[in-house]
Each structure stands twice: as structure tokens, then as C-alpha cells.
1. Which of the residues belonging to the stretch 34-72 are surrounded by 13 or more Cβ atoms within 10 Å (Cβ to Cβ), in contact with a Gly (Cβ under 8 Å, 6 or more places away or on another chain) and modelled with pLDDT of 90 or more?
2. Provide a single number: the residues in the stretch 2-29 that are farther than 14 Å from Asn68 by Cα and either open to solvent by 80 Å² or more (accessible area, probe 1.4 Å) or among the acidic types (Asp, Glu) (or both).
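The values are calculated or read from the model by the stated rules, or taken from the named source; none is laboratory data. Note that the coordinates shown come from a computational prediction; the quantities given were computed from them, not determined experimentally. No Cβ is skipped: glycine too gets one built from the backbone with ideal geometry, and neighbour counts run over all protein chains shown. When the accessible area is computed, the model is the full protein with side chains, heavy atoms only, and any ligands, DNA or RNA have been set aside. Shrake-Rupley method; radii C 1.70, N 1.55, O 1.52, S 1.80 Å.
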Amino acid sequence: MTDLSYRVWACNPAAKPGFIQMVDDKGTVYFEQYSSATNFGRKLNFSALPNGKYTILVKIGYDEHRFNVNMQSSSRQWADVEQEEPSQRLITMETAHKPVK
């Protein structure tokens, strides 16, 4: 993974209806995946997106997890990811380390 792509993977052992969605702060949907598979996910690439605030939402059954992504340009574009609430190990996000400024 690079500092602008993230692998979002959900473990869904009960095969409940679930989805992954990526939206910006205006509500524009950039990615959506629905699944009842026991494992599902996707590599999300932020490199073509403009600066701004994005949310990755992962929902399985009634469980919901949000990751806030703040895209910023400098001499090198990078993204910060924050999770709103501590998560059980059902959600995995992988990326490279944040670049040194």
C-alpha cells in the first residue's frame, strides 16, 4: 500500500448484510460495495481525489465503523486516517507510514 491507498477488509463470520462506502464531506459517494460474504473488502486509492475530508464507512449488520480521511497537499500529497471509535478486530485498514515532512 502507498500513503494514498488503503486496503479496507471486513470479517463477517455471521454472513450478515454489510457494506463499505467512501463519501466526501458533501455526501458524494466515491465507492460502494455491498456483501453478505464472510470476508469482503477493497483497496481504495485516494491519489486521484482532490484535497478534502472523506469518510470510509464499514457496516456489518448493526455494527458501524467510520474512518475519517483528511487529504492534504504539500510538496507531497498524503492522507491522514482516523477511526471515530475503537473497533473490534473485524475491520482492517493497511497503509504505508505517513511521509516525513
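1. The answer is Ser35, Ser36, Phe40, Val58, Lys59, Ile60.
2. 6
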